[in-house]
Amino acid sequence: MIDMILFGVFPYVAVALAVAVGIYRYCFDRYSYSSQSSQFLESRALFWGSVPWHYAILLVLLAHLLAFLFPAAWGTLLGAPGRLYLLEVSGMVLGVVTCIAMLVLIFRRAANDRVSAVTTRVDWLLLVALLVQVATGVFIAISMRWGGFWYVHTVSPWLWSLVSFSPNVDYLASMPFVVKLHAVNAFFLVALFPFSRLVHVVSIPLAYIARPYQLVVWYRQRKQV
Amino acid sequence: MNIRAQVSSVFHLDKCIGCHTCSIACKNIWTDRKGAEYMWWNNVETKPGTGYPTKWEDQKQYKGGWEKAGSDLQLKMGNKSALLGRIFHNPDLPTMDDYYEPFTFKYQDLTNAPAGDDQPTARPVSMVSGKPMKIEAGPNWDDDLSGSNIYAANDPGVVQLSEEEQQQMFAIEKMVMFYLPRICNHCLNAGCVAGCPSGAIYKRGEDGIVLISQDKCRGWRMCVSACPYKKTYYGWSTGKSEKCILCYPRQEAGEAPGCFHSCVGRIRYLGVLLYDADRIEAVAKLEDKELAAAQREMILDPFDPEVIAAAKKAGIATAVMDAARKSPTYKFVKEWGIALPLHPEFRTLPMLFYVPPLLPILSKEQQGVQKLADDFFTSLEQARLPLKYLAGLFAGGNEEEIKAVYRKLIAVRIQRRNVTVGDLDNAEVDKAREIAGLSTETIEAIFRMTSLTSIKQRIVIPPMLREQAIEAGMDPEAYKQEMGFGSRKAPKRRW
C-alpha cells in the first residue's frame with residue numbers, strides 16, 4: 001500500500017502540482033519567476049558552488065533522461081566495458097562534484113550574514129532536498145554497480161509505466177531503501193519546483209542567441225498620425 | 001531613413017552646485033524600499049573621483065559597454081554564447097561592496113538602554129542582515145574629496161594622465177573639482193538591452209525610454225555588467241534588476257522627471273531629439289575620437305522639410321514634432337554644439353549630454369585687482385583641469401571637441417561681460433566670437449537658455465499620447481477600487 005502511494009500516486013501528485021501551480025504562478029505572479037541570485041551579496045563562494053553544481057547536475061540529469069527515454073540504446077551503449085567504465089566513472093565524478101558544490105552552497109547560505117538574510121525556509125528545504133538527492137545518487141552509483149545497467153531494466157520501465165498511466169510499482173518495491181528514497185525525493189523536488197526558486201529552471205534563455213541585440217517596443221500602432 | 005524620437009537630456013555642469021537634491025527626490029519617489037536602499041538611479045559624483053560604484057569607468061575591471069570584434073560590434077563581456085555560458089556566475093558583476101552596504105542605526109538603544117555610567121550609543125546595523133557592521137562606505141562617500149590621494153588619485157580618467165598632468169591637477173593652489181550628476185543615459189545602442197538573456201529590457205519606440213519589464217526579468221543580472229555606466233541595479237531582495245525610468249509616469253502626466261523638477265541649480269534640460277535609427281550601428285563602430293561628433297551628426301533637424309516628411313511617414317505625431325522644434329536639448333547638442341555625451345567610447349550612444357564645466361583660468365589677481373587673463377585662448381591649454389582629462393570624459397579622448405566647446409563658452413562670457421560690465425575692447429569681443437564661430441544672436445540665445453529660462457523652456461516634455469497606447473484598450477473601470485494604483489503586485493518576494 002505504502003509502495004503504491006509513494007511510487008504509484010505521489011509521482012502523479014507531484015507532476016500535477018508542478019504543472020498546475022507552475023502555470024498558475026506564471027500567469028498570475030510572473031513577477032516572482034526569478035533565479036533570486038545572491039551573487040550581488042556574495043560572489044566568490046558562489047563561483048565555486050554554483051558553476052560546478054549547475055554544469056554537473058545538468059549532465060547527470062541528461063544521462064538520467066536519456067536512459068529513461070531510450071533504454072534500449074542506453075543498454076547497448078553500456079554494452080562494451082570501455083564505454084561502461086567511462087560513463088559510470090564520469091557519472092560518479094560528476095555526482096561527487098554536485099555533492100561538494102551543494103555543500104559549498106549550503107555552507108555559504110549559512111555562514112554569510114548577507115546571504116542568509118535573503119534565504120527563506122523554502123530555500124532551506126530545497127537545498128536539503130537537493131543535497132539528499134545528490135548524496136543518495138552518489139551512494140547508489142558507488143555501492144550498487146552498475147547503475148547504468150539496472151536503471152534501464154527497473155527505473156526506466158517504472159517511469160514508462162507512469163507515463164502510460166498504468167503504474168507498475170513492483171519495479172521499485174523490491175529496490176533497496178536508498179534507491180526508493182532517491183526516487184521519492186526526485187518527485188518531491190518536482191513537487192517543490194513551483195513553490196520555490198526552482199522555477200528558474202524553466203526560464204532557459206536560449207532565445208537570446210537568436211534575437212537582435214536591441215529591442216524596441218511600440219506602445220501604439222505605428223500609423224500615420 | 002528610420003526616424004525615431006528620443007526624450008533626451010542635457011546637464012549643464014557649470015551650474016551644478018552638488019547639492020544632491022536630485023538624488024533625494026529620486027530616492028524618495030522610487031528607491032526608498034527594501035532591496036533598493038543602495039540604489040541611486042540618480043547620483044552626483046565629485047570629479048575627479050572614483051564615483052559610484054567605485055571606479056565604474058574602468059571597463060578593464062567591469063567589462064561594460066561595447067567593443068569592436070573585427071567588423072562586428074559585441075559586448076565587452078563577450079559574445080552571446082559566452083554570456084549565456086556565464087549565466088550561473090557572472091564574473092563581471094560588481095558586488096554590494098563595490099557600491100556600499102546600506103546601514104541604519106539602532107536609535108532605540110538611545111532611549112531603551114538601562115540607566116548606567118555610560119552614554120548610550122546608536123550602533124550602526126546593516127540594512128541587509130540587520131547585524132552590527134562597520135561602515136566603510138556610504139552614499140556619496142567621496143563627496144567633495146577631489147584632490148585626496150584615495151579617491152581622486154584613483155579616478156580612472158586621472159590614472160591615464162601623465163605624471164606631469166597629474167601634478168598639475170593636484171597642485172594644492174590649483175585644486176579643482178566639479179560635480180557630475182548621473183542618471184540612466186537611455187542609450188540608443190544600450191548595453192543593458194543587448195545583454196539581457198530574458199529580453200526583459202527594451203526601449204520604448206515612441207520616446208526612447210529604456211525600461212526593464214519586471215515580469216520578464218529573471219534576475220540573470222547581465223544588464224548590470226553590460227551597462228558601462230552601471231545604471232542598472234540588482235535588487236538583492238526582489239531578485240529583479242531595476243533602473244531609472246526617466247519618471248515616465250510623471251512625463252505621461254506632463255510633469256518633469258523628479259530629478260529635473262527638483263534641480264536647485266536648474267542645470268537640467270529635457271527635450272525631444274530626432275535621430276536616424278538606421279545609422280546606430282555604423283556610428284557605434286567608428287573610432288573613439290569620432291564618436292562624439294558622429295553622434296551629433298545623426299541627430300536630425302526638426303525644421304528640415306525632408307525630415308518632417310520622413311517623420312510623418314514613420315508615424316511620429318505632429319505634436320511630438322512641435323516639441324522637437326522647441327527642444328532645448330536640440331539647441332545645446334546640435335545647433336550650438338556645446339553639449340557632449342559622457343564617455344562616448346563605451347559605444348552605447350548615450351542620450352544624456354553634458355555641457356562641460358568651464359574651468360580655465362579666466363582672471364588673475366594682480367596687486368589686489370582682479371584682472372582678466374591676457375589671452376583666453378592660450379589659457380585654454382593651461383586649464384586647471386587638463387583638457388585631456390575632460391576629453392577622456394566627454395569626447396572619447398578628442399581634445400578638439402572640448403576646445404571647440406570651451407571657445408564657445410568663453411565667447412559667451414566675454415560678450416556678456418561686455419554687455420553687463422562693459423570694460424572690454426570691442427575688438428577683443430569680436431575676436432572671441434570669431435574664434436568660437438558664433439554670432440552675437442546665438443551667444444545671446446545661449447546666455448538666455450543657460451540662465452534666464454522658465455521650467456517650461458528648460459523641460460519640454462513631448463505629449464506622450466497615452467490615449468493612443470495599447471493599454472488604453474483595457475477597461476479602467478475593471479480595476480477601479482480593486483487593485484489600487486495600477487494593477488501590479490507589490491515588488492517583494494512572495495514564494
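Readers should treat all values here as calculations from the given coordinates under stated rules, not as data from a laboratory. Fair warning: this is a prediction, and the values are worked out from it, not measured in the lab. In this analysis, Cβ positions are derived from the backbone assuming ideal geometry, glycine residues included, and neighbour counts consider all displayed protein chains.
At a glance:
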| read-out | value |
| --- | --- |
| Tensor-based shape of chain B (alpha-carbon gyration tensor, a/c under 1.5 rounded, otherwise prolate or oblate) | oblate |
| Point-to-point label distance, A:LEU66-A:VAL93, nm (Cα→Cβ direction, 7 Å offset) | 1.6 nm |
| Ranked A:ARG121, B:ARG458, criterion: other C-beta atoms within 10 Å, fewest first | A:ARG121, B:ARG458 |
| Order of A:THR76, B:THR450 under a 10 Å beta carbon neighbour criterion, fewest first | A:THR76, B:THR450 |
| Added length on full extension, which subtracts the Cα-Cα distance from 0.36 nm per residue, B:THR111 to B:ASP14 | 30.3 nm |
| Efficiency of FRET between A:ASP3 and B:THR104 - r from beta-carbon atoms, R0 41 angstrom, step 0.05 | 0.15 |
| Ascending count of other beta-carbon atoms within 10 Å, so fewest first, for A:THR119, B:THR440 | B:THR440, A:THR119 |
| Kyte-Doolittle at least -1.0, axis length at least 15 Å by Cα - qualifying DSSP helices, chain A | A:10-28, A:44-69, A:81-111, A:121-143, A:177-192 |
| Rough spin-label spacing in nm, given labels placed 7 Å along Cα→Cβ, for A:ALA207 and B:VAL176 | 5.1 nm |
| Overall form of the stretch A:23-90 per C-alpha gyration tensor (a/c, 1.5; a/b vs b/c) | oblate |
| For the stretch B:231-310 and the stretch A:178-219, distance of Cα centres in Å | 35 Å |
| Long-range amide H partners of B:LEU188 with built H, under 5 Å | B:MET351 |
| Ellipticity estimate at 222 nm from DSSP helix runs (n ≥ 4, -39,500 (n - 2.57)) divided over chain B, nearest 500 | -7500 deg cm²/dmol |
| Model label zone, A:ALA80; criterion: amide N under 11 Å from point 7 Å along Cα-to-beta-carbon; scope the stretch A:35-68 | none |
| Ranked packing of A:50-62, B:179-191, B:412-424, most packed first, by mean Cβ within 10 Å | B:179-191, A:50-62, B:412-424 |
